[in-house]
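Before any comments, here is the structure.
Every number in this text was worked out from the coordinates using simple rules, so none of it is lab data. Bear in mind that the values here come from a model prediction, so they are computed numbers and not experimental data. Neighbour counts are summed over all protein chains in view; Cβ atoms, including those assigned to glycine, are modelled from backbone coordinates with ideal geometry.
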Amino acid sequence: MKGSLFISILFVVLVYTVISCKPKSSVTVTPADGNFPPEIANIMLNKCATSGCHNAASRAAGLALDSWEHLFQGDGQGSVVIPYDTIYSLLLYRVNTDSALGFIVPPSQPPTISASNPGTPLSRTEYLSLSNWIARGAPDKNGNIPFATDADTRQKLYMTDQGSDLVSVIDAQSMVVMRNIRVGLNPTSIESPHNIVASSDGKSVYVCFYAGAYIQKIDTRTDTVVESVSIGHYGIDNIGSWNVVFPSPAADTALLATNLALGYSGSAAGSVVYLNTSPLKAKVGYGGFIDGITFTHPHGICSNFTFDTFFIASEYGNTIYRFFPSGLQTGDPFLKLISLDATPAVQQDGAQGWEDPHALFMAPDFSKYIVTCEGTNEVRVMDAHTDKLDTVLHAGTFPQEAVFSTNPATPYLFVTCMLDANNAPYNQGSVYVFDYNTYQLKTVLYGDFYQPHGICVDDRDGLVYIPSSNLNPTGPPPHHCLPGNCHPGWYSVYSLNTLKPVNKYRYEVPLAPYSICSRFAK
């Protein structure tokens, strides 16, 4: 996505997560205390899970609060409680009647059901008990934290929320957000977490920042930030605008990030940085006029299997860089300009008619890579060995991100087209689905989207996750609203086999969800 759409994001919107626990058998018996700790059971069962309200039979607003398990199923639009997170737990604001304690979202709960059931507000003590319980992780009566089991093997999705400096963690089994991770190092400004990727072993994910000069490493076992490294000194004037993180496909050893550094008479001299990942450490940088190398408007990046040759998109113009860093030491050619069409290679901002390559994605067999061309609404397929154009796929308006399914039964290439016409004004954008073996268009998904950008295939569970950034201030309003300006994005979930939505849910997340990845590729 072009930078101007994200630099202007200055406010934070609430994320709503949904957490559920799978029962060990098909028949479960809810205990009388709802599996809550005693002080929480007293609140939930006596003031919330009452007849006509949030018990299992009534499920007012789609929400049941008669048990700990039901609480973390949410209401189909998001979670009402996020473990460890009192800022973004909706339940606190719905039951609060004292502005001194925090934000209030009317109508206050519990409501008046009838003259005989007037709905008694929570006392200050009850409210603080609920808040403190959530801050401790919202455990059940035995101390179990939602989604804390199977830490080494649990499949998860990680999604950056650019307007909130958050990473949302989605549990693949239930398809709902299970944690919020606060990222970035500047507490006074939004650093816009941009791209996020998982290591090949699934033990870590890495996130870079469009308005920050850091890369951070998240431990996928604990879902906490464990390392941060400054890479600002590899860009011009120590600024951020780091666009893409790309891990080694063979092992969790090194990765690259591309930097768009504005300045220098209206040009953009960017950098590419090579990092070690354990520990996370910047090793060497290229570009930004270092050693005479200049990458103009670098954005997308991919590599060959041996991680020694890199393909880098110059976002304005018609050019892909083929970069062979070892050539700098051996004296061999190390940088080649590849034209996406029959004309000479050009890297030029504001020109009309160029492809304007946004992102690159290597095919599963490493024989070719695809280029999303936001200037011409195309997907160009390039031979990774000869650097020649293989074919041109016509897509929707403003194609952005893409992902391959690695399942031989579903050889699909998914491409998000952010501004494609789709049931305006309620929806905008589409997802084009191609068969990457035949290059034939399989279908176009016109779903409940609004400016979809990132996309992720979970081949292990047969699901496709499609975030809607909802950047336009006149886009769809939220179902939920909490502190700050209320204009969240959301994600939709599709079946990889049927290419149909798995449900009608719109899982709301904070402002501007941008990039998403799966912990385990298969």
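Each of Asn42 and Asn276 was given a label point 7 Å from its Cα along the Cα-to-Cβ line. The distance between the two points is 5.6 nm. Of the residues Phe307, Tyr494, Gln352, the one whose Cα sits farthest towards the positive end of the charge dipole of the chain is Tyr494 (charges of +1 on Lys and Arg Cβ, -1 on Asp and Glu Cβ, taken about the Cα centre). The angle separating the long axis of helix 124-135 from the principal Cα axis of greatest extent in the chain is about 30 degrees. For Thr309, the residues 5 or more places off, or on other chains, whose built amide H falls under 5 Å of its own are Asn304. Each Cα pair under 8 Å and six or more residues apart adds its separation to the average, and for the range 38-135 the resulting relative contact order is 21 percent. Each residue of the range 64-69 was assigned a 3J(HN,Hα) from its phi angle through the Karplus curve 6.51 cos²θ - 1.76 cosθ + 1.60 (θ = phi - 60°); the sequence is 10, 10, 7, 8, 4, 5 Hz, with glycine and proline shown as x. Considering only Ile190, Ile43, Ala148, the residue lying farthest towards the positive end of the dipole of the chain is Ile43, judged by Cα position with unit charges set on Cβ.
Using 0.36 nm times the number of residues separating Tyr426 and Asp308, minus their current alpha carbon distance, what extension gain do you get?
Working: separation 118, 0.36 × 118 = 42.48 nm, distance 4.52 nm.
Here the segment from Tyr426 to Asp308 would lengthen by 38.0 nm.
Charges were assigned to the Cβ only: +1 to each Lys and Arg, -1 to each Asp and Glu. The resulting dipole of the chain about its Cα centre is roughly 860 debye. Based on C-alpha pairs under 8 angstrom that are at least 6 apart in sequence, the chain has a relative contact order of 12 percent. Label-to-label distance, Gln348 versus Ala521, with points set 7 angstrom from Cα along the beta-carbon direction: 3.8 nm. Loop-located trypsin sites (Lys or Arg not before Pro) across the range 114-202 with a Cβ neighbour count of 16 or fewer within 10 Å are Arg136, Lys141, with loop assigned by DSSP. Averaged over residues, the count of other Cβ atoms within 10 Å places the peptides 42-53, 272-283 in the sequence 42-53, 272-283, highest first. Between Ser58 and Thr391, the contour length at 0.36 nm per residue exceeds the Cα-Cα span by 114.3 nm.
Give me the number: length gained by fully extending Arg124 to Leu441, i.e. 0.36 nm times residue separation minus the C-alpha to C-alpha distance, one decimal in nm.
108.2 nm
Summarising the label geometry, the points placed 7 Å from Cα in the beta-carbon direction at Asp332 and Glu227 lie 2.8 nm from one another.
So if I place +1 on the C-beta of Lys and Arg and -1 on the C-beta of Asp and Glu, and nothing else carries charge, what would the dipole magnitude of the range 38-135 be about its Cα centre? I want it in debye, nearest 20.
Working: 4 positive and 7 negative charges, 39 e Å.
Taking the Cα centre of the range 38-135 as origin, the dipole is about 180 debye.
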